[in-house]
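The values are calculated or read from the model by the stated rules, or taken from the named source; none is laboratory data. Here the structure is a predicted model, which is why all the values come from computation and not from measurement. Every residue, glycine among them, receives a Cβ derived from its backbone with ideal geometry; neighbour counts consider all protein chains shown.
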Amino acid sequence: MIHLEVAVAAPVTETLTYSFPAADSSQLKPGMRLLVPLGRRQVTGYLLAIRPADEAPFQIKPVTDVLDSKPLFPADMIPFFRWIASYYRYPLGEVIKIALPGGLTQQSERHISLVEAGKEVLVGFHGANGADSPAWLAELTARGTLSPARVRLIWRSRKWRKLLETWHNEGYVTITEAVSATRTKAKTEICVGLVQKAPPLADTRLKASEKKAMALLLELLVNRFPPVVPVKELNHAYSGAGRAIKSLGEKCLVFFQEQQIFRDPFGEEPPFFPEPPHLSTEQEKVLAELLPAIGRKSFTTFLLHGVTGSGKTEIYLQAARRTLAENRSVLVLVPEIALASQLEAHFFSRFGKTLALLHSGLSQGERFDQWHQIMEGQAKIVIGARSAIFAPLTDPGLIIVDEEHDSAYKQEDTLRYQARDLAVLRGKLQQCPVLLGSATPSLTTFHHASTGKYQLLTLPKRIENRPMPEVSIVDLRLTRKEAGGHPFFSQVLLESIKDNLEQGDQSIIFLNRRGYANLMICDDCGNPVKCLHCDISLTLHKSEKILSCHYCGYQARSPIICPSCRSARVKEIGFGTERVEEALSELFPQARIARLDRDTSTNRKKFLKILKSVHQKETDILVGTQMITKGHHFPHVTLVGVIWADAGLGMPDFKAGERTFQLISQVTGRAGRGDKPGLVIIQTHQPDHYSITNAEKHDYRGFYEKELKLRQALQYPPFSRLIILRFSGDNEELVRSAATLTARQARQLAETFRLTLLGPAAAPLARIRDKYRWQLLVKGTDSNNLHALCDSLAAQPVPPVRATKVTMVVDVDPESML
Ligand code: ADP
Ligand code: ZN
Ligand code: ZN
């Protein structure tokens, strides 16, 4: 026998050892899944290491089954997973389970069929002692089977499960379990290309239809990589093309090939971006530092700090090309697939089919296929959101994190990891350079770059010396008093929008709040209308006629009567993008207005459609939330209006200033990216706040230095590390007591470990999804000490936690204090 180290997909902190016959072990490789016994259950486990059997002080159980014939991830990712499990305090097997694509977990489904002999008995079944007969029985007797979905529902009820098992034993029904496999193959289509570069268009032996098809093909081939056109597309343009192309094929003038479909959801190829003829001097300088590091195949972290529109994408592309030349692969992380739309088009234009995209729009089967292509090295460049940090590249030669400051890199449930931090770690473990890019780097990243931990690369100017947009600040405290003023728009902003419309230029109006009104107040009793399950006001979504909770998704119909006093006079207070859009269409009825927020882009297709309408100048004014601030390059946008810049400054969060500066700078950066200069109008109640004044001056360093001093004074990151202990449960009193008792325990340890405790206190969002929430913040300079404290606390959970009445979650390097 040999021994296997296995991480089970269950809340077990340690890895476990199982035995396996040595004679059959030649096929075993780390990264495969196994079925192993755990207590009385059988669970999935991931094979981490194979060892000769040694003397064990306890009995080693054998592996039940080997589930894979090939590993699902390369063995050199195992140290990466181990580090994540220990740093983020999460069971290793569950880390791996989260890392792998969803479609992988084999699920067995139950099928239930009626046996002929059982038919008579069951048709007359009325339940024991006059009890009701089950509602699903009619379906079973009529159709002879029950669908797996139905069985899943029934199976939750102990009563029905027992009944079905009895029938199975009596021979009335059969219950079979089968593993359901969901695999879709990559889609391909037939494409056509030219055999010779210069086809004989004037050839008199060609029929008119053939000539026409050939001319069309030539036209469609322009700027195409690889140089082939889908036959479908030709047919679409000219219905006779199919037949003509076929006969051209017989004459050996064109060839056919099957190509994997790489398309956006419109069924169109992404736009083609040619390589720029020259790099800017700054780009040259940056690449002169970056490219040799790629050649050295060693770990260095670079921060590419480039102002908006400075051509960071081109740096990514050149660096990627260099990495491919070294025969290594490239991993590109983007904050949300939102942004990827444009970045992916750039990469597709340059690298074509070697690209794999991991995005939320993929079906499980497609995701699974992409995963395998990456594993097998067919996909050389992988682009994806946060979770793509787990993509199974065997030999990564470069990891790029675009917009590295974006908080979307932090996963806020289950395994609370920060993908940008993991990118740096993965680079270190796999010996490859890491390139973090941003116009507004996170404070911690920039701090590392200024202290020499990271290497700083800068693109200080926009491409082609385009000027940064002119920014003007409007003090809302003054405009409020203007007679006859509009509640959302200052006179200056309105006039600029009007001018822009007359010029035929595009405008962006930014407000980081969706919905129509984010507060509904009863005019009679003065109470706000809150979510039934959270301590949060409901937001009105007028066009859908609903009030919804942005935290738990609870919805109520609008109009609503006041839950406190039953009055029907509930007023809409506050405003969101929907209301701003409505106001704009009243003010500018002739303007074409689009809105981009989570309500209008519920899926990738809708999202891309809105972006496309802006690109094609079918939209005059785009209203949106932070979704519009991210990375988009709209050359015709010359005006950006920020409705309420200080909206986020009041948040009880030490990152509020940083986030506000980043948001304002990023949205500002959308203006004037084309030939015409841009204008930005920022409306705010706090015109003197450093987050706003520095964004106004495009002064990242000014902001950085000010914020750094504040962080130092309060000993917040990057001068310390934080862990938040979050307590939640159904019973407010127990949650409070768990937090208080844990804090008491922690206080005794804090001195030994030189840590500071803040709290315990009710969380700013005190109740979400019917759970009360308390938290305790632990601050310290040494990460090991923070972990030592957590270890001690976890070893002796306080009574409400031990009794599982209250859950305690550890959030390491929290991104949000809410
Ligand atoms: P950033 O990501 O830094 O905000 P982008 O990468 O989107 O900026 O670049 C802005 C624009 O400049 C894009 O349209 C890009 O194609 C173009 N661009 C980049 N590099 C060059 C270059 N060397 N010459 C001409 N245009 C360039
Ligand atoms: Zn009321
Ligand atoms: Zn809610």
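Quick notes on this structure:
- Of all residues making up region 628-672, the number that are among the charged types (D, E, K, R), in a loop (DSSP other than H, G, I, E, B) and in contact with a strand residue (DSSP E or B) (Cβ under 7 Å, 6 or more places away or on another chain): 1
- Residue in region 457-474 that is at pLDDT 95 or above, assigned to a loop (DSSP other than H, G, I, E, B), within 20 Å of Ile294 (Cα to Cα) and not hydrophobic (A, V, I, L, M, F, W, C) present: no
- Pairs meeting the criteria (first residue in region 307-320 and more than 15 Å from Arg673 (Cα to Cα) and small (Gly, Ala, Ser), second residue assigned to a helix (DSSP H, G or I) and more than 16 Å from ligand 2 (Cβ to nearest atom), beta carbons under 8 Å, at least 6 apart or on different chains) are Ala319/Leu287; Ala319/Leu290; Ala319/Leu291; Ala319/Ile294; Ala320/Phe347; Ala320/Arg350; Ala320/Phe351.
- Residue in region 270-314 that is farthest from ligand 3 (Cβ to nearest atom), counting only those that are within 25 Å of Leu608 (Cβ to Cβ) and not in a loop (DSSP other than H, G, I, E, B): Glu314
- Within region 547-592, the set of residues being of a type in the set (Lys, Arg), surrounded by 15 or more Cβ atoms within 10 Å (Cβ to Cβ) and in contact (Cβ under 8 Å) with a residue 40 or more places away in the chain comprises Arg579 only.
- Within region 446-480, if we keep just the residues that are among the polar types (S, T, N, Q) and within 16 Å of ligand 1 (Cβ to nearest atom), the residue that is nearest to Val492 (Cα to Cα) turns out to be Asn465.
- Residues of region 559-587 satisfying the condition of being under 31 Å from the mean Cα position of the chain (by Cα) and modelled with pLDDT under 90: Gly574
- Extreme residue, farthest from Cys531 (Cα to Cα), among residues of region 556-606 that are within 16 Å of ligand 3 (Cβ to nearest atom) and not in a loop (DSSP other than H, G, I, E, B): Arg557
- In region 382-418, residue nearest to ligand 1 (Cβ to nearest atom) [restricted to those that are of a type in the set (D, E, K, R) and part of a strand (DSSP E or B)]: Asp402
- Of all residues in region 327-349 being hydrophobic (A, V, I, L, M, F, W, C) and at pLDDT below 90, the one that is surrounded by the fewest Cβ atoms within 10 Å (Cβ to Cβ): Ala345
- Tally of residues being over 15 Å from the mean Cα position of the chain (by Cα) and part of a helix (DSSP H, G or I) across region 365-381: 10
- For Arg769: the one exception among (1) away from ligand 3 (no atom under 16 Å from the Cβ); (2) surrounded by fewer than 19 Cβ atoms within 10 Å (Cβ to Cβ); (3) under 21 Å from Arg416 (Cα atoms): (1)
- Spans of strands (runs of 3 or more DSSP E) in region 733-818 with at least 2 residues touching a residue at least 40 places away in the same chain (Cβ under 8 Å) and closer than 18 Å to Arg89 by Cα: 771-780, 807-812
- Region 531-545, subset out of contact with any Cys (no Cβ under 6 Å at 6 or more places or on another chain) and surrounded by fewer than 18 Cβ atoms within 10 Å (Cβ to Cβ), residue nearest to Ala766 (Cα to Cα): Asp535
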